[in-house]
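Structure, as structure tokens:
Bear in mind these aren't lab numbers, they're just calculated from the coordinates by the rules spelled out. Since we're looking at a predicted model, the values are computed, not measured. Every residue, glycine as well, gets a Cβ built from its backbone with ideal geometry; the counts of neighbours run over all protein chains shown.
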Amino acid sequence: MNIATTLSTPHQAVYDPNSQEFSVAGVIRPRSVDEIAPSLSALRQAIEVARGVLYINVKRLVQMNNTAFHAFSRVILDACRSRSDIRFVVVTSSVVGWTERMFRHLSRIEPQVTVEVYDSKFYPGQSFVEDTSFIPILRTQTKMTWRHERAILPRHGMRPGIHMADICCGIGDFAVLVRKEFQPARIVALDHSRASLAYARNVAADFGIVDIEYSYGDASEMLLEDDQFDLVTCRHSLQIFNQPHVLLKELYRICKPGGRVYITNEKNSHCLGEPRSQSIQWTYNEVAKLFSHFEMDVELGPKSRRFLADAGFEDIRVESFMVTNLDGDPQDFADIITAWENVYAGEMAVKRGDPPEFIERFRQGFRDHIFAALHPKGYAGWPIWAASGRKPL
Amino acid sequence: MHAAAAEPAFEPLIRLEMEMETFLSDWQHCDYLSSFLARMISHNRTDPVRHANFFSSALNELLEVSFRGGSSGGRIGCTVYRQGELERVKLSFPCPPGQHDFYREAVSKTRKGDAYARYLDAVSTALAPTREIVLLDLAINFEAEISLEEEASSSITLVVDLPLGGIVS
């Protein structure tokens, strides 16, 4: 059974019997309870058929007035009183702070209700990419990719005066570079790492930048309104998100009709180097498998066209570029590879439970890549796919 | 010698006025106005998107109070001020003189020791939130300090201090 209700007001209430989860999303500000009667009825039906634990998912609840809060609470509390066999777990978001503040009262009234804040389990690779020790290398990566992207971006909708959003902005350095080079009228930069955002805000403050709007948020469930931005950028993130189509749907939603969504992604198995190419190739093939184990697809780059088409974009443009040891100081390239070795071999492979002999061979490929990068006649590359699509008018 | 430092002034950020009759013509005005004002005043907060979401939530409740309790003659006015991490909303709207006692009572209850117990009791038992409960909600969930200004018998001004800068961060 699937109970789905879409009302004239912009909110949705949906019950998924497989996970026993009743989700309420959007803006719910009725004048009277009657206006949300179908949703309340859906919740009652969900309670009737649920056994054990019923999850009430309010992660995507953007606004709810007291009229609606009391009405939904009434149904839950009445059920607690009539059904001692059922428990409720209300799942709120760390992004929408007031939901946790309001719903936590229900657990004070009825012990059958608990409130959980959805946060750290955002996506499986989150802990690896949010490691603050990674920050210096993220800066180096952006510095090296920027040499290419500053020329590429105008072909994908970047121009002065636009309203843009950089989703999964990380430490915010891309937003700063874009602001300086292209002077957009507005930049919103969103990320789910408080540490990265704190770093971004400090850097902005140091440079006297006050017009980048850094925001804490879940890229798959953003508070940003529909149809707002001329250009939405999302770099190196679809590939580390376990549901890239969900993320892309959100990027599409906040993009203006006629605006573009720009994404960059890698195909790690195509990292290359000479000399010692075979060892390098073996390791990067293993990198792809390792990420796959953690539900991330670092081979996504060439799939960008398909993902954009499936998400409903038109006028899709795809190009690729190779960051190499010849872009500026070869040591920068080597430093990036060292950081990858530390995280991929030192943390992720260990977490997967790989034996020491595998990890040693795995490490050797990174070391050979560094060798190639620093060799006076060597060549080392890191390929990246840049793609964008236009949201239909 | 007068040693006490002067209290930092509240800086006015935005003011909105409209005919109460127009405001009362559509319930959606509460949603539209709270969303618009929230976006306008939040752009230079540390986290503008989340600040706007929080602020809109609180302001919408206040506007709904004025929608449910206001009368149609005269104008509704809403001014937002800022002092550090604090936002002050002054919401003036026409209401019958007989309602003043109700607001005095409701505002005073937000500061009493049993405010949380009263709020829980309302969530637990009331079929729908009263305006009094909405003010309690603001005091409890948004840490608002609420007071009243009564300059004319035909209108009332709710003064609501919201420490959202600290809460959102």
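What the table shows:
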read-out	value
Interatomic Cα distance distribution for segment A:278-393, bins of 10 angstrom, percent	13, 35, 30, 18, 4, 0
Sorted peptide list for A:348-356, A:322-330, criterion being average Cβ within 10 angstrom, highest first	A:322-330, A:348-356
Peptide-level mean, for A:31-37, of C-beta atoms on other protein chains within 10 Å	2
5 angstrom amide H check on residue B:156, placed H, neighbours 5+ away	B:93, B:95
Test item: A:72-84 mean partner chain Cβ contacts at 10 Å	1
Per principal axis, descending, Cα span of chain B in whole Å	43, 40, 37
Reach of residue B:112 by Cα under 14 Å, taken over aspartates and glutamates that are not fewer than 8 positions away in the same chain	B:132, B:137, B:143, B:145
Integer Hz, Karplus 6.51/-1.76/1.60 couplings in order for segment A:337-344, x for Gly and Pro	5, 4, 5, 4, 4, 4, 7, 6
Fraction of the pair-distance distribution of segment A:1-102 above 15 Å, Cα-Cα pairs, percent	59
Long-range HN-HN contacts of residue A:53 with modeled amide H, under 5 Å	A:87
Cα→Cβ-extended label distance, 7 Å offset, between residue A:185 and residue A:211, nm	1.1
Spacing of the two label points (7 Å from each Cα toward its C-beta) at residue A:41 and residue A:242, in nm	3.6
Number of partner chain Cβ atoms within 10 Å, mean per residue of B:140-147	2
Using alpha carbons only: equivalent-ellipsoid semi-axes of segment A:285-329, gyration tensor based, whole Å	24, 20, 6
Links that overshoot a 20 Å alpha carbon limit, given the list A:180/A:391; A:267/A:377; A:249/A:351; A:267/A:289	A:180/A:391; A:267/A:377; A:249/A:351
Residue B:153-residue A:198 FRET efficiency (beta carbon distance; Förster radius 41 Å; 0.05 resolution)	0.20
Viscosity 0.692 mPa s, 37 °C: Kirkwood-radius Stokes-Einstein D of chain A over Cα pairs, µm²/s	143
Choice from A:346, A:217, A:301 showing the highest fluctuation, given a GNM over chain A with Cα pairs closer than 10 Å	A:346
Backbone HN-Hα couplings from phi across segment B:78-89 [Karplus 6.51/-1.76/1.60, Hz, Gly and Pro as x]	10, 10, 10, 10, 9, 9, x, 7, 9, 10, 10, 10
